[in-house]
Amino acid sequence: MKRVALIHRLSGVALALFLPIHFWALGKGLEMDAFLRWTEQPLVKLAEWGLVVLLAAHLGGGLRVLAIEFLDWHEWQKSLAAVAAALVLAVGLAFALAL
């Protein structure tokens with residue numbers, strides 16, 4: 001499960017780096033026409049998709065940490081972690097397809 005902990009940490013660092021840029025972009029929303037044209041760029045859409053995937057991965061990692069702290073860790077939980085990882089990817093893919 002070391003890979004899951006690494007993903008949780010890396011997604012947290014990536015979110016910490018990305019969110020200030022994201023908030024800057026939201027602040028640009030005051031200039032609505034220019035902002036809307038800017039958000040149509042493929043790189044911006046990709047970044048938004050990445051943000052959703054990072055948030056889902058970070059949430060999954062946080063839930064794993066809570067499970068480790070408050071539940072007895074059993075073999076079946078490894079399967080549950082794999083299902084959670086698949087769910088994270090599904091959420092990200094669903095968001096990407098909705099763009």
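Computed from the coordinates by the stated procedures, all read-outs in this text should not be read as laboratory data. No experiment lies behind these values; they were computed from the predicted model shown. We place every Cβ from the backbone using ideal geometry, glycine too, and count neighbours over all the protein chains shown.
Odds and ends about this structure:
- Those residues of the range 8-47 which are more than 18 Å from Gly62 (Cα to Cα), of a type in the set (D, E, K, R) and part of a helix (DSSP H, G or I), in sequence order: Lys28, Asp33, Arg37, Lys45
- Residues in the range 22-38 that are out of contact with any helix residue (DSSP H, G or I) (no Cβ under 7 Å at 6 or more places or on another chain) and surrounded by 13 or more Cβ atoms within 10 Å (Cβ to Cβ): Ala25 only.
- In the range 48-79, the qualifying residues are those that are acidic (Asp, Glu) and assigned to a helix (DSSP H, G or I), and the one that is farthest from the chain's Cα centre (by Cα) is Glu69.
- Scan of the range 80-99 for residues that are closer than 21 Å to Glu48 by Cβ and either without any contact (Cβ under 8 Å) to a residue 12 or more places away in the chain or not in a helix (DSSP H, G or I) (or both), ordered by number: Ala90, Leu93, Ala94, Leu97, Ala98, Leu99
- In the range 1-29, the residues that are closer than 28 Å to Gln41 by Cα and of a type in the set (Gly, Ala, Ser): Ser11, Gly12, Ala14, Ala16, Ala25, Gly27, Gly29
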